[in-house]
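One structure is given here, and the rest of the page talks about it.
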Amino acid sequence: MTFTFVRRFALAAVLLAAVAALSLAVGARPLGPPEVWRGLTDPGTDAYTVVHQMRLPRTLLGLVVGAALGLAGALMQSLTRNPLGDPGLLGINVGAAAAVVTGISFLGVTSFAGYVWLAFAGAGVVAVLLYGIGGGRGATPARLALAGAAVNAALYAYVSAVELLDTASLDRMRFWTVGSLAAAQTSTVQKVTPFVLVGVVLALALARPLNALAMGDDTARALGARPALVRGAGIVAVTLLCGAATAACGPIVFLGLMVPHLVRAVVGPDLRLLLPYSALAAPVLMLVADVLGRVVARPSEVQVGVLTVVLGGPFFLYFVRRRKAAAL
């Protein structure tokens, strides 16, 4: 098992490196492999400016945000025991975005540090609200999905209303409602990465107790886990991951839904494998969507948040239809 895990993980890492290299090469000005290498290593070339100032920060942010959202999705599905659990579908991402939009429009917040803390607050409030509306410990997947849909719709309506009322802030707020890597900067990556790392470490540390929790609270207690503490720590991890990701590039949906299911089909339900693989596979899909967005509408581009919806929508419908067929 250990050898298989290492081999698969290494293959996934190689695939991720290849997609990252593609992200550095593709854009308004395509670069070949030699030019990408010179852009990374030779400050005297024109490619250095293109790579270091635009594509490298964008690629690094895609890696960080993709890992955060993939891990948050796997964690949400485990915590809620809901196969449709996704921070975007359940309203956590838009909760973070709504808090940031509120800060921009009503509080005059303009700094990234302010966005981060507002995003954490919004994500945390929605996570707790969702858990309460969904029934707390008695929550079912259906109730959580309905509660998430209601919260999602209400917050999107609020964000849209604020945009219509505050036209002066419309351009800044539009960034939070679409989801984009286009404005990535090195400073953004540096500021958001520590929060994501804390969330990643906390999420991975919860893999074993969450495996126990999947067998029921009584069994989990018998195995030494503390269900209330595990759920609380899981909500903190999801808040950190989603808050940081949304503060960096706006709400991006479906990534946290698709990736855990794709990974689960390969490695099974064991969270000790599912969580790290999700953190590695999600950035691959994130960067692929971002690269496609640069290509399909040249010389303009389609934002990555739009592409994840285009890719994730059919997957969501297929998954719901398959579960309905299995229930018949």
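The values are calculated or read from the model by the stated rules, or taken from the named source; none is laboratory data. Model, not experiment: these values are computed from the prediction. Because the Cβ atoms are built from the backbone with ideal geometry, glycine has one as well, and the counts that use them run over all protein chains shown. All accessible areas refer to the heavy atoms of the entire protein, side chains included, with ligands and DNA or RNA removed. Shrake-Rupley method; radii C 1.70, N 1.55, O 1.52, S 1.80 Å.
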Can I get the semi-axes of the range 2-327's equivalent ellipsoid? Compute them from the C-alpha gyration tensor as square roots of 5 times the eigenvalues, in angstrom, largest first. 32, 25, 18
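Compute the signed sum of charges (Lys and Arg +1, Asp and Glu -1) over the other residues within less than 13 Å, Cβ to Cβ, of LEU63.
+1
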Suppose all protein chains stay in the model; what accessible area per residue would a 1.4 Å probe give for the chain, in Å²? 45 Å²
Can you pull the one-decimal nm distance between simple spin-label points at ALA182 and ALA157, each 7 Å off the Cα toward Cβ? 3.0 nm
State the percentage of accessible surface on the chain attributable to carbon and sulfur atoms; use a 1.4 Å probe and exclude ligands, DNA and RNA. 69 percent
Could you list the residues of the range 234-252 with an amide nitrogen less than 19 Å from a label point located 7 Å from the Cα of LEU262 in the Cα-to-C-beta direction? 252
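Taking N as the number of residues in the range 180-228, what value does Rg over Cα atoms divided by 2.2 N^0.38 Å take?
Dividing the Cα radius of gyration by 2.2 N^0.38 Å gives 1.76.
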Given labels modelled 7 Å from the Cα in the Cβ direction, how far is it in nm from VAL310 to ALA113? 3.9 nm
Length gained when the stretch THR49-ARG81 is fully extended (0.36 nm per residue, less Cα-Cα span): 6.8 nm
Please state the charge dipole magnitude for the chain, taken about the Cα centre, from unit charges on C-beta atoms (+1 on K and R, -1 on D and E), reported in debye and rounded to the nearest 20. 860 debye
Considering only the other residues whose Cβ falls under 13 Å of the Cβ of ALA25, what net charge follows from Lys and Arg at +1 and Asp and Glu at -1? +3
Between VAL125 and VAL296, Cβ-based FRET efficiency (R0 22 Å, step 0.05) works out to 0.05
Just want the answer: with Cβ charges of +1 for Lys and Arg and -1 for Asp and Glu, which residue in THR102, VAL116, PRO283 is farthest toward the dipole's positive end in the chain? PRO283
How long are the semi-axes of the equivalent ellipsoid of the range 4-44, taking √(5λ) for every eigenvalue λ of the Cα gyration tensor, in whole Å from largest down? 27, 12, 6
How far is helix 2-25 tilted off the main Cα axis of the chain, in degrees rounded to 10, range 0 to 90? 40 degrees
